[in-house]
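To start, the structure itself, in structure tokens.
The values are calculated or read from the model by the stated rules, or taken from the named source; none is laboratory data. Please read all numbers here as calculations on a predicted model, not as lab measurements. Here the Cβ is made from the backbone with ideal geometry for all residues, glycine too, and neighbour counts use every protein chain on show. Heavy atoms of the whole protein, side chains included, go into the accessibility calculation; ligands, DNA and RNA do not. Shrake-Rupley method; radii C 1.70, N 1.55, O 1.52, S 1.80 Å.
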Amino acid sequence: MTTKALNSKNEALFQTLKSIGNQSKKSYVILELVNRQLKICYCNELLYDITRFTSNDLINKSFETLFSNENSSVLKGVVENIHKGELFKEDLLLNIFLDTPILVDVTIIPLQIEKGDGLLSLLIINEFSHNHLEQILHRIEEQIYKAIEHECTLVKKLQIVCEGIEELLNGRTVSKIFIRKSDNHKEIQMVMAQKYGLEEPYIFRRRADIHYLNNMIDQAELNIYENIDYQTIDECTRRVIEAKGLTKCCTVPIENHVNKRIGMIVIYFDNIAFDYVERYKAFLHKVNNLISLAYIYDQKLREISFLAYNDVSTGIPNRLGFLERLKELEQKKIYGLIHIIEPTEFAEVVELYGREAGDELLNQLCRKLIMLQRKEEDFIARFSSSKIIAFTHHKEGEKIVDFSRISETLVEVPFIIQNNPVYITLKCGVAPFNGEISYKDSIRFAENAFSEAKHRAGNVLVSFKGDMDGKLKRNLLISSLLTKAVKNNEIEVYFQPKVNLKDGSISSIEALARWNSPILGFISPFEFMPVAEKTGLVREIDLQVIEKVLQWFRMREENKKTIVPIAVNISPEHFYHPKFVDQLVELVRKYNANPCNIIIEITENMSLVDLKKARRIIRELKFWGFRTSVDDFGMGYSSLNYLQELSFSELKIDRNFTMKIHEKGTYAIVKAIIQIAQALNIDTVAEGVETEEQARTLNELGCDTGQGYLFYKPITIKEFEENIEL
């Protein structure tokens, strides 16, 4: 009570307020309005327990003593509200003696018999703030979805959850998450908030630890334990909870979407913070759902990654996986030899026993190769449906291994195909991979050697020799003629329409550079474009193609004919040229064309050379109205993240996937690519469509557009005008 006596009316009111406060079963304070100031005249014991203040600290003090200075702007209006007899309800930071303030739900009920001083009010404090809880949950959700969007690791997402739980109670808790890495339960990770220095997950590998934690996860319920068993706690956790003086813990099971246990949350807290666990049930349920979502997404990404870089039939890396590994070795300057190997009888085995038998033949060959592996760095992959590619580590100065003898050893014993013994021979091409020869050239040279081996009978191994590569001589000749060809405008533009898979209409066209040399005849772009890139002529060729496309637009407009967008392939050198966008805009203005009708095609691996610069260029193109397309998707350095980063309008699925879409693994990859593109609002185009079955499958998967010989072959602009109506 205050030092001045309450009159009989206020005494009755005071007792009424105490009765209401006691019935609330919460901490409460009775305030008296004196000289337009709210003074504390009574506090119940529960409030002293929570704040750790004494009656000397609070009685006759301003009610603002209870709350943090951060609430000052809100508290100014409280007296005015009470004068008006209005209820006050707000979340405020309650001061704790020698500790961090906590967020509480505050309700002030003003009661009066007559206006003026002596007005009494009841201030009820609920240590649990629904509003604060919702804000924290919303923030966790936002950060989890953002982490998923940016392909952050599962650990990062779990750290977000831990940090959110601890923020909920102003750092008066410590939380950690145990998560099973996979369904086999053989590895369990522990994650804590990043501030504790555990940047990477703590991985339990000892059988006893894993057995103990698996039992805990399976048996965990939403329970509070009054005492912490320090003997079962890791050193990092023990150090943190002892420093904070935490004495209790709570376990929360984590289940996935089919109610299967995948982990558990353990929350350590003090005597106040988490005692009323029932209050947090809905919050913890939503947190469980977020963890489950992050876990499932992580598992799906692992599956997609495995399918993208591994051969489903044999379980070994595929061509893409091999290239990635070889790229890593090149960066580490680990060199050796590249081998391309094919069983001569592969096609016959497939014809006789079926495609699964061909897979089994390669499977057995892979197992034998792995058994003969000489060094840790050696590895193999499936290069194509019938070929194996291998890397063997070899240091300069080491004795060359007799690979011909190894090759003969591999085929001494018959292969068992559908219970039948099958003797085979091997064709093998070998090429060096070293600091002077890039991994791409090494593979090309190995293929050249393999082509030579294919023309010989029996078990054959051919090592690459410089004179095998007649292509080099031809490239020199092409190089000498190409400059003149560009100057004389010999580069032609062919059109290949792209077709809407739903209604068969032409939705757009791809412009292709073609060269009919007066001396060499027709030269494939696969021959002259690499030469153009090396000689610096590729920009001029790109610009000539674009200008001829713009001339066609103008001709169509003058004749009042329909126009559809045209895609133009842009080389890496040209795309990153500082004047690329300016020259493009200048050309479009010259012909008064609509930029929306130009699609700039960028190869997937090229777009990653300089992601920051590529993002800026694509943003500029979008600003001027141009559309962009990522070409040959899936055959370069696949990344879900850069699809979003670079804001492409269109994604072209590489023809290699289209050709093999009947295969289970390829079908799964194409499906995943289309779903990802749809989620990012990117149109999809499948290249190399050659059969009705491929077109039907792609349409069923939701692919927008098809391009290939099934619909149209590339033809000259003149032939297009004469034979195709838009």
**Request:** May I ask you to list pairs of residues, at least six apart or on different chains, whose Cβ atoms are under 9 Å apart, with the first in the range 489-507 being free of Cβ contacts under 8 Å to residues at least 40 places away in the same chain and the second being in a strand (DSSP E or B)?
**Result:** GLU490/TRP515; GLU490/ASN516; GLU490/SER517; SER505/VAL499
**Request:** Among the residues of the range 601-645, write down those that are surrounded by fewer than 19 Cβ atoms within 10 Å (Cβ to Cβ), assigned to a helix (DSSP H, G or I) and at pLDDT 75 or above.
**Result:** LEU611, LYS612, LYS613, ARG615, ARG616, ARG619, GLU620, LYS622, PHE623, TRP624, GLU645
**Prompt:** How about the range 31-46: which of its residues are assigned to a strand (DSSP E or B) and open to solvent by 50 Å² or more (accessible area, probe 1.4 Å)?
**Reply:** GLN37, LYS39, TYR42
**Fill in**
Note on CYS250: of the conditions (1) free of Cβ contacts under 8 Å to residues at least 40 places away in the same chain; (2) more than 23 Å from ARG139 (Cβ to Cβ), unmet is (2)
**Asked** Could we say that ALA457 is small (Gly, Ala, Ser) and surrounded by 12 or more Cβ atoms within 10 Å (Cβ to Cβ) here?
**Response** no
**Residues satisfying the stated conditions in the range 19-37, i.e. at pLDDT below 85 and not β-branched (Val, Ile, Thr)** = SER24, LYS25, LEU33, ASN35, ARG36, GLN37
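Yes/no per residue for (1) open to solvent by 10 Å² or more (accessible area, probe 1.4 Å); (2) touching a strand residue (DSSP E or B) at 6+ places or on another chain (Cβ under 9 Å):
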site: ARG238; (1), (2): yes, no
site: GLU242; (1), (2): yes, no
site: LYS248; (1), (2): yes, yes
site: ILE254; (1), (2): no, yes
site: HIS257; (1), (2): yes, no
**Item:** Residues of the range 441-458 that turn out to be within 24 Å of HIS393 (Cβ to Cβ) and part of a loop (DSSP other than H, G, I, E, B), as a count
**Value:** 0
**Message:** So, restricting to helices (runs of 4 or more DSSP H) that lie completely within the range 335-440, which ones have at least 2 residues that are on the phi > 0 side of the Ramachandran plot, open to solvent by 50 Å² or more (accessible area, probe 1.4 Å) and among the β-branched types (Val, Ile, Thr)?
**Reply:** none
**Request:** Please verify whether the range 445-467 includes one or more residues that are of a type in the set (Val, Ile, Thr), touching a helix residue (DSSP H, G or I) at 6+ places or on another chain (Cβ under 8 Å) and touching a residue at least 24 places away in the same chain (Cβ under 8 Å).
**Result:** yes
**Request:** Answer yes or no as to whether ALA347 is aliphatic (A, V, I, L, M) and modelled with pLDDT under 85.
**Result:** no
**Count of residues meeting criterion [open to solvent by 40 Å² or more (accessible area, probe 1.4 Å) and over 18 Å from ILE676 (Cα atoms)] in the range 691-714** = 9
**Message:** As an exercise: evaluate ASN723 against (1) in contact (Cβ under 8 Å) with a residue 12 or more places away in the chain; (2) out of contact with any Ser or Thr (no Cβ under 9 Å at 6 or more places or on another chain) and give the number of the one condition it does not meet.
**Reply:** (1)
**Message:** On the basis of being outside any loop (DSSP other than H, G, I, E, B) and charged (D, E, K, R), does LYS502 make the cut?
**Reply:** no
